[in-house]
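Right, one structure below, let's go through it.
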Amino acid sequence: MKIFFMILSLFIYTASALAQDSSEGEGTAFSLFKSKTFLKNPLDLRDPFKKRINKRKTQQEKIHENGVYSNQADRIENKPIESIRIVGVMIGKERRAMAKIATGKTLGSEVFFIKEGMKIGPNGAEVKAILAGGVVLVEKIRNVYDQDEYLETVIPVSSE
């Protein structure tokens, strides 16, 4: 009995909505839904089944030093390229090189890890490739004619 009343009330509601639409001059059954289902760009909607990805900072990116959060790469960033010595290379899925800073003829005790794509040195030389024999750096400078010029530097693996 309840189902009968629900169907009847739904029928009366649709009939009254269609009567209002026909009095306005449109007279189609789809005019009831036109204003409620319009989307400008349906491709901008979020996929309800896609899992959201939250990027978290790793522990290495949160090194605390003297009240300032910094990364090890920031400390090697301002060192001159001439003082950087490559002491080891890790080849694999994600290539890395181990570097030490030379002070005079001795090497420092702290080891820095260099990844491909990092910028090091005062001129912002980018690490283009890490090979078994060393590291390839490319830096962009302005020449005498005010043109961009690229310098390529190879730092070989050295023994301590």
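The values are calculated or read from the model by the stated rules, or taken from the named source; none is laboratory data. Just so you know, these numbers come straight off a predicted model, no measurement behind them. Here the Cβ is made from the backbone with ideal geometry for all residues, glycine too, and neighbour counts use every protein chain on show.
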message = Name the residue that is modelled with the lowest pLDDT, counting only residues in region 125-160 that are in a loop (DSSP other than H, G, I, E, B) and either closer than 19 Å to Leu107 by Cα or touching a helix residue (DSSP H, G or I) at 6+ places or on another chain (Cβ under 6 Å) (or both).
response = Glu160
message = For the list (1) closer than 12 Å to Ile81 by Cβ; (2) surrounded by fewer than 16 Cβ atoms within 10 Å (Cβ to Cβ); (3) not acidic (Asp, Glu), I need the number of the one condition that Ile114 fails.
response = (2)
inquiry  = What's the total number of residues in region 94-117 that are of a type outside the set (Ser, Thr, Tyr) and assigned to a strand (DSSP E or B)?
reply    = 12
ask   = Taking the condition under 19 Å from the mean Cα position of the chain (by Cα) and at pLDDT below 85, does Ile76 pass?
value = no
task = Considering (1) assigned to a loop (DSSP other than H, G, I, E, B); (2) touching a residue at least 60 places away in the same chain (Cβ under 8 Å); (3) of a type outside the set (D, E, K, R), say which one Pro122 fails and leave the rest.
result = (2)
message = Taking the conditions exactly as written (of a type in the set (A, V, I, L, M, F, W, C), out of contact with any Phe, Trp or Tyr (no Cβ under 8 Å at 6 or more places or on another chain) and at pLDDT below 55), does Val89 satisfy them or not?
response = no
query = Going through region 91-111 one residue at a time, which ones are surrounded by 10 or more Cβ atoms within 10 Å (Cβ to Cβ) and either among the small types (Gly, Ala, Ser) or within 33 Å of the chain's Cα centre (by Cα) (or both)?
reply = Ile91, Arg95, Arg96, Ala97, Met98, Ala99, Lys100, Ile101, Ala102, Gly108, Glu110, Val111
Qualifying positions in region 131-160 - of a type in the set (D, E, K, R) and over 16 Å from Ile86 (Cβ atoms) = Glu139, Lys140, Arg142, Asp146, Asp148, Glu149
